[in-house]
Amino acid sequence: MENKRDWSVHPPYLHPGYKSTVLRAPSKPLIPIKHTLSERTGPVYGLDTIGALDNDLTKNGIKNGEPLGERIVVAGRVIDELGQPVRNTLVEIWQANAAGRYIHKVDQHAAPLDPNFLGGGRCLTDNEGYYKFYTIKPGAYPWGNHPNAWRPNHIHLSLFGNNISSRLVTQMYFPGDPLLQYDPIFLGVPPKGRELLISKFTLDLTEPSFALGYEFNIVLRGNNETPFENK
Amino acid sequence: MALQTPSQTVGPYFAYGLTAAQYGYDFDQIANDVLVGDDMPGDRIHIVGRVFDGENNLIPDAMIEVWQSDIKAFGRMGTGTDPKNRFHFETVKPQSLDGQAPHLAIIVLMRGLLVHAYSRIYFSDEAATNAQDVVLNSVPQERRHTLIAQRHQVNGHTEYHFDIYMQGELETVFFDV
């Protein structure tokens with residue numbers, strides 16, 4: 001089934017409030033494409049891709065001690081539009097450290113790097129579509145989009161699902177963040193879709209005396225009727 | 001039906017998460033610029049290109065992904081490490097499948113793209129099959145050239161050049177996949 005991208009929830013390419021879109025957004029209409037083998041298939045990654053600490057960002061960057069900041073659990077379920085689990089699919093994440101600084105060389109924000117925090121991780125969903133990461137709550141950081149612009153706390157996520165048509169790159173936000181109402185990247189999403197990007201705090205995922213739990217469920221395009229990679 | 005989770009930009013700082021080894025970070029990556037092992041039969045090819053914005057500035061923080069369905073191979077590369085901000089991929093020439101002309105599916109991601117863009121790379125030395133290709137034929141004729149990589153022989157290997165223009169007269173065709 002060729003479920004299309006739902007443009008009532010996805011942002012448009014051109015969103016002038018987010019200045020970088022102005023010279024980078026495709027300006028001509030997208031051309032519809034009939035799905036062929038290229039669109040119905042995609043890369044499949046197995047457990048051999050995942051290192052032992054890849055889903056634990058509180059440990060996978062340790063050099064000489066624990067990373068600083070608030071430990072959190074980020075977990076949820078990846079489903080398709082019919083509510084069926086997307087099984088054994090790769091989830092990649094990256095984020096700033098607790099001070100709002102990315103390890104990336106281009107990041108010039110004058111906040112400290114944490115020698116024990118890398119900020120990248122990955123895991124596979126299980127047979128029911130569930131995934132789980134341990135990490136540090138990312139800090140907010142300033143950016144140059146407009147005067148006094150700050151990105152809300154967020155974690156970047158990248159998923160494939162069952163084929164390249166279900167590919168999703170997105171950002172997870174935190175409940176009650178006062179910066180959301182000023183963030184043109186978040187506000188690029190039509191109002192109907194915004195809530196879907198905000199994780200929920202839950203005691204069910206909170207680990208006593210260890211880490212607060214945030215639930216973030218993800219809905220990928222299409223459904224599992226879509227032919228699999230090896231058919 | 002459950003609503004799709006909305007897309008957000010990959011942003012400027014994807015490198016250490018998605019292309020860590022390429023950019024020299026202490027983390028590995030699931031895919032890189034070499035799609036196939038040395039033992040893969042077929043014609044070895046290189047694909048090289050650049051990405052331009054609406055003012056013809058080179059984009060140094062794009063990430064390009066390629067999917068080659070005939071051999072189920074995937075590649076990923078950022079434009080931030082090559083001195084000329086090129087992406088390049090090494091693979092074998094795709095076969096014609098489903099009656100389509102040989103091609104690669106590509107995904108373009110970058111800061112400033114709130115939703116990734118899909119396109120295709122076809123090959124200039126496949127004029128006859130390109131002329132019959134259903135997808136190419138669905139593109140207005142005057143824009144088809146934006147999807148066709150040009151073949152060159154460089155230092156004894158076959159290299160296809162494929163530049164991506166986000167806007168303007170040469171704007172690459174992007175698909176509503």
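The set of residues in segment A:128-158 being among the aliphatic types (A, V, I, L, M) and either surrounded by fewer than 21 Cβ atoms within 10 Å (Cβ to Cβ) or more than 12 Å from chain B (Cβ to nearest Cβ) (or both) consists of A:ILE136, A:ALA140, A:ALA149. A:PRO29 falls short on exactly one of the conditions (1) without any contact (Cβ under 8 Å) to a residue 12 or more places away in the chain; (2) open to solvent by less than 80 Å² (accessible area, probe 1.4 Å), and that condition is (2). Taking residues in segment B:9-31 that are more than 7 Å from chain A (Cβ to nearest Cβ) and under 29 Å from A:LEU187 (Cα atoms), and partners anywhere that are surrounded by 19 or more Cβ atoms within 10 Å (Cβ to Cβ) and at pLDDT 95 or above, the pairs with Cβ atoms closer than 6 Å and at least 6 places apart or on different chains are B:THR19/B:GLN29; B:THR19/B:GLY78. Just one of the numbered conditions (1) open to solvent by 40 Å² or more (accessible area, probe 1.4 Å); (2) more than 9 Å from chain B (Cβ to nearest Cβ) is not true of A:ILE72; which one? That leaves (1) as the condition not met. For segment A:57-66, filtered to residues that are buried (at least 21 other Cβ atoms within 10 Å of the Cβ) and within 14 Å of chain B (Cβ to nearest Cβ), the residue that is nearest to A:ASP126 (Cα to Cα) is A:LEU57.
Any residue at all in segment A:49-56 that is modelled with pLDDT of 95 or more, open to solvent by less than 10 Å² (accessible area, probe 1.4 Å) and away from chain B (no Cβ under 11 Å)? No; the residues of segment A:49-56 include none that is modelled with pLDDT of 95 or more, open to solvent by less than 10 Å² (accessible area, probe 1.4 Å) and away from chain B (no Cβ under 11 Å).
For segment A:160-176, state whether one or more residues are in a loop (DSSP other than H, G, I, E, B), within 10 Å of another protein chain (Cβ to nearest Cβ) and in contact with a Gly (Cβ under 6 Å, 6 or more places away or on another chain). There is at least one residue in segment A:160-176 that is in a loop (DSSP other than H, G, I, E, B), within 10 Å of another protein chain (Cβ to nearest Cβ) and in contact with a Gly (Cβ under 6 Å, 6 or more places away or on another chain). For segment A:90-107, a tally of residues being within 11 Å of another protein chain (Cβ to nearest Cβ) and assigned to a loop (DSSP other than H, G, I, E, B) returns 8.
Of the candidates B:ALA31, B:ALA21, B:ALA2, the single residue that is open to solvent by 30 Å² or more (accessible area, probe 1.4 Å), part of a loop (DSSP other than H, G, I, E, B) and of a type in the set (A, V, I, L, M) is B:ALA2.
Mind counting the residues in segment B:34-51 that are within 11 Å of the chain's Cα centre (by Cα) and outside any strand (DSSP E or B)?
So the answer is 1.
Across segment A:166-208, the number of residues qualifying as open to solvent by less than 80 Å² (accessible area, probe 1.4 Å) and in contact (Cβ under 8 Å) with a residue 24 or more places away in the chain comes to 28.
Of the candidates A:ALA99, A:ALA110, the single residue that is aliphatic (A, V, I, L, M), surrounded by fewer than 21 Cβ atoms within 10 Å (Cβ to Cβ) and at pLDDT below 95 is A:ALA110. The set of residues in segment B:159-177 that are farther than 23 Å from A:LYS4 by Cα, open to solvent by 20 Å² or more (accessible area, probe 1.4 Å) and either at the interface with chain A (Cβ under 9 Å from one of its Cβ atoms) or in contact with a strand residue (DSSP E or B) (Cβ under 6 Å, 6 or more places away or on another chain) (or both) comprises B:GLU159, B:HIS161, B:ASP163, B:TYR165, B:GLN167, B:GLY168. If you filter segment A:113-127 down to residues that are assigned to a loop (DSSP other than H, G, I, E, B) and of a type in the set (D, E, K, R), you find that the one that is surrounded by the most Cβ atoms within 10 Å (Cβ to Cβ) is A:ASP114. Applying the condition of being without any contact (Cβ under 8 Å) to a residue 60 or more places away in the chain and open to solvent by 70 Å² or more (accessible area, probe 1.4 Å) to segment A:32-48 and asking which residue is farthest from the other protein chains (Cβ to nearest Cβ) yields A:ASP48. Summed over segment B:35-51, the residues that are more than 14 Å from chain A (Cβ to nearest Cβ), of a type outside the set (Asp, Glu) and without any contact (Cβ under 8 Å) to a residue 60 or more places away in the chain give a count of 4.
A:ARG87 meets the conditions (1) more than 12 Å from chain B (Cβ to nearest Cβ); (2) in a loop (DSSP other than H, G, I, E, B); (3) within 19 Å of A:THR135 (Cα to Cα) in every case but one. The failed one is (3).
The values are calculated or read from the model by the stated rules, or taken from the named source; none is laboratory data. Keep in mind the model is a prediction, meaning the values are calculated, not measured. Every residue, glycine among them, receives a Cβ derived from its backbone with ideal geometry; neighbour counts consider all protein chains shown. When the accessible area is computed, the model is the full protein with side chains, heavy atoms only, and any ligands, DNA or RNA have been set aside. Shrake-Rupley method; radii C 1.70, N 1.55, O 1.52, S 1.80 Å.
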